[in-house]
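As structure tokens, the structure follows; a few thoughts come after it.
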Number of protein chains: 2
Amino acid sequence: MSGDEARERAIADSWRANAGAWTRAVRSGGIASRRQVTDRAIIDVVVDTNPATVLDIGCGEGWLVRALADRGIAARGVDFTEALIGSARRAGGRFDVVSYAELGSWPAKDRFDTAVCNFSLIGERSTRDVFRAVRRLVDAGGCFIVQTLHPVTACGDAPYEDGWHAGSWQGFSDEFTDPAPWYFRTLESWRRLFDDHAMALTATHEPPDPDTGKPVSIIFVAATG
Amino acid sequence: MSGDEARERAIADSWRANAGAWTRAVRSGGIASRRQVTDRAIIDVVVDTNPATVLDIGCGEGWLVRALADRGIAARGVDFTEALIGSARRAGGRFDVVSYAELGSWPAKDRFDTAVCNFSLIGERSTRDVFRAVRRLVDAGGCFIVQTLHPVTACGDAPYEDGWHAGSWQGFSDEFTDPAPWYFRTLESWRRLFDDHAMALTATHEPPDPDTGKPVSIIFVAATG
């Protein structure tokens, strides 16, 4: 197994190990940046694309699927972590266990108006798997929306270049273990991912932290084919 | 005169005051980031759009016009600082004194394949003047290329939001005086400028500092109408 694949595996293992803690953190509003900024930001951007159907890729315990359903949107979630999909189903909604590698051949039956990845593109190869799959799963004229860490705030002291960074659960409760590595991409690299998969970026959003004024995240909105 | 217009005036005054020092600094290779990174980066990006004709807006003492001419491209420069255009003409090439406000009605006769602003969009209203003018000055199917400070490195400790920042000649020689304010724009704000003027961003480049690995600048490439 190459270093890259070992890291992809570490990401999957970390989510399995932390599925319970994650579900509790999300549902108790325990992640300040999400509660204060990024949850509302992703909902607003998705709703703004006016979709009838949405696929939430890397949906975790499913809060976004339910938030969109509350707004009359038929949303469906997929995630590779069985325990998270179990939690998601118990809270209500349509969810499936699908890995990013499997997404390319996942028999969804219907195509979606919009696909969304909310902080769920963490690896390198696995992220490219998702981009390839989205081309098949989203209608021509649809949207692909990605919220991720903002290079301005996520780069830290590391060189500003694509590469694996050590993970951390800093700011999370002691329940969390086994932080996984994550793959940093520059803005140019994110843009190239969309370009390489024949999607055209149509907007970016940079929701600010109300305290520091720095962007908490960046949201890319792209038109598919 | 509003605060904004006073700042636009301060920018123009600063260039008038520093035209000689600027010409000497550029021509002696005295600005390390330009010598090491950004000069080559902007040449490569402009040449890559394969233009027959280029308009360099805010050309200063004209080095880029001459560098493009060396590569067989018919380039022409405009700048609002008479002393810089004087220096530019003496070194050879086709240059005109045109303010950004005048650019919208400047009788260029011919349209250009590509317009470029190399660190020359410094103000707020004056930047919008340039975007409006480019729509008129560049052929449909042409390119508008902007190199500017990168938000990752230029934001510093200030809030990440559009607004005026105090200027500085830090890193320049003692010859330089009267630093002018400059208008910081977020990535989202730059993108909106292109969008608002019916130009589609087709690429971004983030040339890195060879020492720190951080991007020195960002280069936006947009397709016109």
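The values are calculated or read from the model by the stated rules, or taken from the named source; none is laboratory data. Quick caveat: nothing in here was measured; it's all calculated off a predicted structure. All Cβ positions, glycine included, derive from the backbone under ideal geometry; neighbour counts span all protein chains shown.
(1) away from chain B (no Cβ under 14 Å); (2) at pLDDT 95 or above; (3) not in a helix (DSSP H, G or I): which one isn't true of residue A:222, the others all being true? So residue A:222 meets the others, but not (1).
Among the residues of the stretch A:109-138, those that are part of a strand (DSSP E or B) and farther than 16 Å from residue A:225 by Cβ comprise A:116, A:117, A:118.
Taken over the stretch A:204-217, residues that are facing chain B (nearest Cβ under 7 Å) and either crowded, with 18+ Cβ neighbours inside 10 Å or at pLDDT 90 or above (or both) amount to 5. Just one of (1) free of Cβ contacts under 8 Å to residues at least 60 places away in the same chain; (2) out of contact with any strand residue (DSSP E or B) (no Cβ under 9 Å at 6 or more places or on another chain) fails for residue A:39. It is (2).
For the stretch A:11-22, name all the residues that are under 17 Å from the mean Cα position of the chain (by Cα) and crowded, with 17+ Cβ neighbours inside 10 Å. The answer is A:11, A:12, A:14, A:15, A:18, A:19, A:22. Taken as a whole, the condition of being more than 21 Å from residue B:35 (Cβ to Cβ), surrounded by 15 or more Cβ atoms within 10 Å (Cβ to Cβ), in contact with a Cys (Cβ under 8 Å, 6 or more places away or on another chain) and within 13 Å of chain A (Cβ to nearest Cβ) does not apply to residue B:194. Contact map, the stretch A:203-215: first residue without any contact (Cβ under 8 Å) to a residue 12 or more places away in the chain, second residue not small (Gly, Ala, Ser), Cβ cut-off under 8 Å, separation 6 or more or different chains; pairs are A:212/B:159; A:213/B:159; A:213/B:160; A:213/B:161. Residue B:140 meets each of the listed conditions (1) crowded, with 21+ Cβ neighbours inside 10 Å; (2) over 20 Å from residue B:218 (Cα atoms); (3) not acidic (Asp, Glu) apart from (1). Here B:166, B:154 are screened, and the one residue that is of a type in the set (Gly, Ala, Ser), within 18 Å of the chain's Cα centre (by Cα) and over 30 Å from residue B:108 (Cα atoms) is B:154. The residues in the stretch A:130-174 that are under 21 Å from residue B:187 (Cα atoms), without any contact (Cβ under 8 Å) to a residue 40 or more places away in the chain and either more than 14 Å from chain B (Cβ to nearest Cβ) or among the hydrophobic types (A, V, I, L, M, F, W, C) (or both) can be counted, and the count is 3.
Pull up the stretch B:175-191, narrow it to residues that are within 18 Å of the chain's Cα centre (by Cα) and over 28 Å from residue A:161 (Cα atoms), then point me to the one that is nearest to the other protein chains (Cβ to nearest Cβ). Step through it out loud before you land on a result.
If we filter the stretch B:175-191 for residues that are within 18 Å of the chain's Cα centre (by Cα), which is where we start, we get B:179-187, B:189-191.
Okay, now just the ones that are also over 28 Å from residue A:161 (Cα atoms), so B:179-181.
On the way: B:179: 23, B:180: 23, B:181: 19 Å.
So, considering only residues that are within 18 Å of the chain's Cα centre (by Cα) and over 28 Å from residue A:161 (Cα atoms), the one nearest to the other protein chains (Cβ to nearest Cβ) is B:181.
On the stretch given as the stretch A:70-91, residues that are of a type in the set (Asp, Glu) and in contact with a helix residue (DSSP H, G or I) (Cβ under 9 Å, 6 or more places away or on another chain) total 2.
Does residue A:100 satisfy the criteria of being surrounded by 16 or more Cβ atoms within 10 Å (Cβ to Cβ), within 14 Å of chain B (Cβ to nearest Cβ), of a type outside the set (Val, Ile, Thr) and part of a loop (DSSP other than H, G, I, E, B)? Taking the combined requirement at face value, the residue does not satisfy it.
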